[in-house]
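Report on the following structure.
The values are calculated or read from the model by the stated rules, or taken from the named source; none is laboratory data. Computed from a prediction, not measured in an experiment: that's the story for all the values here. Positions of Cβ are generated from backbone atoms using ideal geometry, with glycine treated the same way; all protein chains shown enter the neighbour counts.
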Amino acid sequence: MTVRINPSILTADFANLERELGRIATADLVHVDVMDNHFVPNLTFGQRMVESLQRVTPLPLDVHLMIDDPDRWAPGYAEAGAYSVTFHAEAATDAVDLARRLRDIGARAGLAVKPGTRIEPYLDLLPEFDQVLVMTVEPGFGGQSFIRSTMPKLGLLREAVTRQGLDIWLQVDGGINEETIVTAAEAGADTFVAGSSVFNGGDAAVQIAALRAAASAHAH
Ligand code: DX5
Ligand code: ZN
């Protein structure tokens, strides 16, 4: 099974993002956390930043919208060139319609769920999506501890993806390091977002390789 390592630039040096992107050239995608200080109690950046980042990296951008009213704002990120646009189930009014609009623009459509949100209501909608993001911390901040009780959702998703014969990436985000990535891979994830463990650990390429090796050995 192919695993993907998507470093989150939330923990990068915002004053030197071009240089920080250079440190993660061996990653699969760049995870871009968009926060609006409403859906989550933190504020990062918006659509213009996505456009600027894409100009200085050849890697595809994996945009994670932690914002209210994604029905209104998410398509702009697809138009800005994001490879994937993931919005939160808790914030969307019509998740299926929004996913279709994102795909029409040419982006992969992603659905994210917070740790306390059940995944069962969405299992029948999976054909509408290209990826599902199971948050393994409460969204808003980097550097938090992995919430293990989210893992059964990955089992349900993996089972549903296999049963329905779908090709959907199952992503985890929050508190991913060399130990927790094994737990998440065993639970069924194939795409791993890592902020602090990539950017705060010295040589980012070494960290990415270590995460990739640990995930590859346990993904199924
Ligand atoms: C949290 C963000 C994550 C965050 C992960 O709301 O969605 O992408 O950057 O950071 P770490 O890996 O430090 O938990
Ligand atoms: Zn994220």
Handout entry: Count of residues meeting criterion [β-branched (Val, Ile, Thr), over 22 Å from ILE119 (Cβ atoms) and crowded, with 22+ Cβ neighbours inside 10 Å] in segment 66-108
Key = 0
Handout entry: Residues being away from ligand 2 (no atom under 14 Å from the Cβ), of a type in the set (Gly, Ala, Ser), touching a Pro at 6+ places or on another chain (Cβ under 9 Å) and within 14 Å of ASP28 (Cα to Cα) - total across segment 172-211
Key = 1
Fill in the blank from the handout: Filtering segment 104-126 down to residues that are more than 22 Å from GLY155 (Cα to Cα), assigned to a helix (DSSP H, G or I) and within 17 Å of the chain's Cα centre (by Cα) yields none
Exercise for the section: Of the conditions (1) crowded, with 17+ Cβ neighbours inside 10 Å; (2) touching a residue at least 60 places away in the same chain (Cβ under 8 Å); (3) more than 22 Å from VAL132 (Cβ to Cβ), PRO41 clears all except one; give me its number. Expected result: (1)
Exercise for the section: Please name all residue pairs, on different chains or six or more residues apart, with Cβ atoms under 8 Å, provided the first residue is in segment 8-24 and is modelled with pLDDT of 95 or more and the second residue is charged (D, E, K, R) and not in a loop (DSSP other than H, G, I, E, B). Expected result: SER8/ASP33; SER8/ASP173; ILE9/GLU20; ILE9/ASP33; LEU10/ASP33; ALA12/GLU20; ASP13/ARG19; ASP13/GLU20
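How many residues, within segment 131-163, are assigned to a loop (DSSP other than H, G, I, E, B) and away from ligand 2 (no atom under 16 Å from the Cβ)?
The first filter runs over segment 131-163 and keeps only residues assigned to a loop (DSSP other than H, G, I, E, B), leaving 136-147.
From the residues that got through so far, the ones that are away from ligand 2 (no atom under 16 Å from the Cβ) too are none.
The qualifying residues number 0.
Filtering segment 185-220 down to residues that are of a type in the set (Val, Ile, Thr) and more than 18 Å from THR150 (Cα to Cα), which residue is nearest to ligand 1 (Cβ to nearest atom)?
Filtering segment 185-220 for residues of a type in the set (Val, Ile, Thr) gives 191, 193, 198, 206, 208.
Now drop any that are not more than 18 Å from THR150 (Cα to Cα), which leaves 198, 206, 208.
Details: VAL198: 8, VAL206: 16, ILE208: 13 Å.
It comes out as VAL198.
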Problem - Residue list for segment 73-93, filter: touching a Pro at 6+ places or on another chain (Cβ under 6 Å) and in a loop (DSSP other than H, G, I, E, B) - result: TYR83, ALA91, ALA92
Handout entry: Set ARG19, ARG55, ARG48: member being of a type outside the set (Ser, Thr, Tyr), under 22 Å from ASN200 (Cα atoms) and not in a loop (DSSP other than H, G, I, E, B)
Key = ARG19
Completion exercise
Every listed condition ((1) in a helix (DSSP H, G or I); (2) more than 16 Å from the chain's Cα centre (by Cα)) holds for LEU166 save (1)
Completion exercise
From the option list ASP124, ASP173, single residue qualifying as at pLDDT 95 or above and more than 16 Å from ligand 1 (Cβ to nearest atom) is ASP124
